[in-house]
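Here is the structure we will look at, set down as structure tokens.
The values are calculated or read from the model by the stated rules, or taken from the named source; none is laboratory data. Please read all numbers here as calculations on a predicted model, not as lab measurements. So basically every Cβ, Gly included, is an ideal-geometry build from the backbone, and we count neighbours across all protein chains shown.
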Amino acid sequence: MSEGYQSKYVIPYSGLKTGSHVFDFLVDDTFFEEIEYSEIKKGKLKVNVILNKHESMLVFDFDINGKIQVECDRCLGLFYMPVSGKDRLIVKFGEVPSEESDELLIIPESEHKFSLDKFIFEYISLMVPIQHIHPDDENGVSTCNPEVVKLLENYKVKESDPRWNALKNINFDDNK
């Protein structure tokens, strides 16, 4: 990410008192454009972060809600899919920086600020379901492109290859 845009997601925690602090961020198209290999190109999400600052660690609780633009797996049309989720990141102070787990990170005690952009992107990416299909309308009718759906129906396999019918007669219990 570019230096200027990345700074939007930096929390300078060294000047904060011990206790709870709330931060709100807006993630928009510019955020995703800054990430070179992102499958997500557009979106609008609100990210609420509660930082619980302790003497020896920082606990970040993320609450992310919004929508991202995805390509429909059925008709290839673009649509906005709602996403939401909660995540937690624990940052401890130590001598050697390391990533202990998905939830635990160790940073040098000399640090005085922490950038959340990488984690926000990761959490949003993990919220995206495997399958992307246009939702049905209020009448239960698909909102996919009807021309593409009709074209797909023409290529739908009507009956199976008869060579596979012999497999239906296999009795797996005889092999014991």
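Of all the residues in the stretch 90-113, those that are touching a helix residue (DSSP H, G or I) at 6+ places or on another chain (Cβ under 6 Å) and among the hydrophobic types (A, V, I, L, M, F, W, C) number 0. Within the stretch 136-176, the residues that satisfy the criterion of being surrounded by 10 or more Cβ atoms within 10 Å (Cβ to Cβ) and either touching a Phe, Trp or Tyr at 6+ places or on another chain (Cβ under 8 Å) or of a type in the set (A, V, I, L, M, F, W, C) (or both) are Thr143, Cys144, Val148, Val149, Leu151, Leu152. Might you check whether a residue that is assigned to a loop (DSSP other than H, G, I, E, B), touching a strand residue (DSSP E or B) at 6+ places or on another chain (Cβ under 8 Å) and modelled with pLDDT of 90 or more occurs anywhere in the stretch 78-91? No - not one qualifying residue is present in the stretch 78-91.
Each row is one residue, and each column tells you yes or no for (1) within 30 Å of Glu55 (Cβ to Cβ); (2) in a helix (DSSP H, G or I); (3) of a type in the set (Val, Ile, Thr).
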site	(1), (2), (3)
Leu105	yes, no, no
Ser110	yes, no, no
Phe119	yes, yes, no
Gln131	no, no, no
Gly140	no, no, no
Cys144	no, no, no
Glu153	no, yes, no
Glu159	no, no, no
Trp164	no, yes, no
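Looking only at residues of the stretch 16-75 that are of a type in the set (Lys, Arg) and under 17 Å from the mean Cα position of the chain (by Cα), we find that the one that is modelled with the lowest pLDDT is Lys41.
For the stretch 89-121, a residue qualifies if it is under 15 Å from the mean Cα position of the chain (by Cα) and either surrounded by 13 or more Cβ atoms within 10 Å (Cβ to Cβ) or in contact (Cβ under 8 Å) with a residue 40 or more places away in the chain (or both), and the qualifying residues are Leu116, Asp117, Phe119, Ile120, Phe121. Here Leu78 meets the list (1) among the aliphatic types (A, V, I, L, M); (2) within 30 Å of Pro146 (Cα to Cα); (3) surrounded by 15 or more Cβ atoms within 10 Å (Cβ to Cβ) almost entirely, failing just condition (3). Residue pairs whose Cβ atoms lie under 6 Å apart, sitting 6 or more positions apart in sequence or on different chains, and linking a residue in the stretch 1-16 that is surrounded by 15 or more Cβ atoms within 10 Å (Cβ to Cβ) to a partner that is in a loop (DSSP other than H, G, I, E, B) and modelled with pLDDT under 60, do not occur here.
Taking the stretch 17-58 as the range and being in contact with a strand residue (DSSP E or B) (Cβ under 8 Å, 6 or more places away or on another chain), surrounded by fewer than 13 Cβ atoms within 10 Å (Cβ to Cβ) and either assigned to a helix (DSSP H, G or I) or hydroxyl-bearing (Ser, Thr, Tyr) (or both) as the test, the residues that pass are Thr18, Ser20, Ser56.
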